[in-house]
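The structure appears right after this line, and notes come after that.
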Amino acid sequence: MDTKSEIKAVEAWLAALSEAKLLRKGLANSQNKEYVVGGGVFLGVDTSAPDASKIEIFSDPKNLPTAISSLLGLAQNSANFHPGDPKKNTTSEDFSQYINKVDQSPFFSLTDTARKEGMVSSKDYDSLIDSIVDVYKGVLSDSVEAITNSVENMAKNVFSQEQAEQSEDLFAQNVIAMSYNNDFGYPIVTIAYTHLHMETQKDGKSSVSSQSFLVTRSTYRVLDAKIHAYADILSGQDTQDVEDWLKSMNTNDDTKSTPCIKTLLKSAVENSKSDTLVS
């Protein structure tokens with residue numbers, strides 16, 4: 001692809017993000033039985049200068065961590081994917097849109113995928129966590145502890161709450177790994193998502209739950225040279241540092257507050273009861 005074609009590709013991606021963002025602002029999130037919890041992990045050292053200008057963020061290699069989180073932030077904002085903000089009411093549809101924006105980005109190149117499915121019983125989420133982390137082996141083999149902790153927080157966020165008789169949950173795990181913290185030798189972005197189906201059967205005082213799950217992972221190479229080459233175009237976009245990116249990705253697991261998932265599930269149950277009474 002020549003330089004003119006690359007410039008057009010970059011401009012087209014940015015324009016598509018803006019158009020999608022405006023379109024989704026006019027659409028109310030449809031009621032969805034899938035509830036999204038998010039996790040974000042940054043691996044490596046954030047060398048970015050906190051006072052860097054926008055052009056420096058995308059042109060200076062030391063600011064690459066902020067450049068990456070900013071590009072992911074553009075995809076998030078376009079798709080309205082904000083699992084860290086309970087007021088945004090993030091749905092699985094928003095996550096799908098986010099994945100599409102990352103796939104289409106000229107600054108990320110898909111290099112690897114993995115998939116695993118299985119069953120968890122009696123709220124034993126340890127095996128679920130092991131299965132999710134297992135899809136990272138060979139990609140981030142030296143950094144599984146941070147990922148495990150993040151996945152555990154997501155699992156606890158769901159399993160500690162009162163569940164409806166059936167629910168579908170989506171764990172969206174995002175990882176930014178700098179080159180010295182992965183097995184490829186260059187910066188990568190890894191997105192793993194877990195579809196978790198839960199059923200709860202109550203018999204007197206007993207409660208039995210079963211969960212089937214499907215884990216899918218996609219790994220993208222960060223095309224840092226291209227980011228630097230088109231810094232002048234990218235400097236016209238909003239930016240966010242790694243800390244803000246982590247906040248936007250991580251669903252609040254503060255047990256003192258009421259997670260949005262619990263509220264949504266209770267609402268679904270109440271609506272179900274109302275429908276039954278009406279019929």
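Go over the candidates ASP134, ASP103, ASP130 one by one and state the one that is closer than 30 Å to ILE7 by Cα, modelled with pLDDT of 75 or more and either of a type in the set (D, E, K, R) or open to solvent by 10 Å² or more (accessible area, probe 1.4 Å) (or both).
ASP103
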*Considering GLU243, GLU199, which residue is more than 30 Å from LYS4 (Cβ to Cβ), open to solvent by 60 Å² or more (accessible area, probe 1.4 Å), at pLDDT 50 or above and part of a strand (DSSP E or B)?*
GLU199
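Do we have ALA146 as surrounded by fewer than 19 Cβ atoms within 10 Å (Cβ to Cβ) and at pLDDT 80 or above here? Write out each step before concluding.
Working: surrounded by fewer than 19 Cβ atoms within 10 Å (Cβ to Cβ): yes; at pLDDT 80 or above: yes.
Answer is yes for this residue.
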*Which condition number in (1) within 30 Å of ILE55 (Cα to Cα); (2) at pLDDT below 85; (3) assigned to a helix (DSSP H, G or I) is the one that ASP232 fails?*
(2)
*Tell me, please, whether a residue that is in contact with a Lys or Arg (Cβ under 6 Å, 6 or more places away or on another chain), open to solvent by less than 30 Å² (accessible area, probe 1.4 Å), among the β-branched types (Val, Ile, Thr) and at pLDDT 80 or above can be found in the stretch 209-224.*
yes
*Qualifying position, being free of Cβ contacts under 8 Å to residues at least 12 places away in the same chain, over 12 Å from the mean Cα position of the chain (by Cα) and closer than 16 Å to GLN240 by Cβ, among LYS101, LYS137, LYS88, LYS54*: LYS88
*Got a sec? Which helices (runs of 4 or more DSSP H) wholly within the stretch 33-128 have at least 1 residues that are of a type in the set (Phe, Trp, Tyr)?*
54-59, 92-104
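The values are calculated or read from the model by the stated rules, or taken from the named source; none is laboratory data. Everything numeric in this text was worked out from a predicted model, so none of it was measured. Neighbour counts are summed over all protein chains in view; Cβ atoms, including those assigned to glycine, are modelled from backbone coordinates with ideal geometry. The protein model used for the area step is the full one, side chains on, heavy atoms only, and it has no ligands, DNA or RNA in it. Shrake-Rupley method; radii C 1.70, N 1.55, O 1.52, S 1.80 Å.
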